[in-house]
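The values are calculated or read from the model by the stated rules, or taken from the named source; none is laboratory data. Keep in mind it's a predicted model, so treat the numbers as computed, not measured. Because the Cβ atoms are built from the backbone with ideal geometry, glycine has one as well, and the counts that use them run over all protein chains shown. Accessible surface is based on the protein model in full, side chains and every heavy atom, while ligands, DNA and RNA are left aside. Shrake-Rupley method; radii C 1.70, N 1.55, O 1.52, S 1.80 Å.
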Amino acid sequence: FERRGRTLIGDYGCGSCHVIPGVGGANGMVGPPLTHFAQRAFIAGQVANNADFLVRWITVPQAIEPGTAMPNLGVTEGQARSIAAYLYTLR
């Protein structure tokens, strides 16, 4: 899951907005850096940082924070679970 998640992060261009350790070219400055993501208490300052909320955030961010700049990229639930697995390695 983790390796696939890192690949999907690159495929979806998440690094154009975020700094993401371990993902080549992920040095965007639009969204917050995702360094130490696993240690964060909240996702988007709105909900507890757990896998269910993270998958929801990745697939339909406006459901967590209406009006957010985070786009809906058409990520499937399965893909979001792989992305989440990678993000939770970032300690």
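The combined condition, being open to solvent by less than 50 Å² (accessible area, probe 1.4 Å), over 11 Å from the mean Cα position of the chain (by Cα) and polar (S, T, N, Q), is fulfilled by Thr68. Figure legend. Inter-residue proximity from the stretch 2-22: first residues in contact (Cβ under 8 Å) with a residue 24 or more places away in the chain, second residues in a loop (DSSP other than H, G, I, E, B) and polar (S, T, N, Q), beta-carbon distance below 7 Å, spacing 6+ or different chains. Indicated pairs: Glu2/Thr89; Pro21/Thr35.
Tell me the residue from Val55, Val30, Val47 that is open to solvent by less than 30 Å² (accessible area, probe 1.4 Å) and more than 13 Å from the chain's Cα centre (by Cα), please.
Numbers: Val55 fails: more than 13 Å from the chain's Cα centre (by Cα); Val30 fails: open to solvent by less than 30 Å² (accessible area, probe 1.4 Å).
After ruling out the rest, the residue left standing is Val47.
Scanning the stretch 3-27 for residues that are under 19 Å from Thr68 (Cα atoms) and surrounded by fewer than 13 Cβ atoms within 10 Å (Cβ to Cβ) returns no hits.
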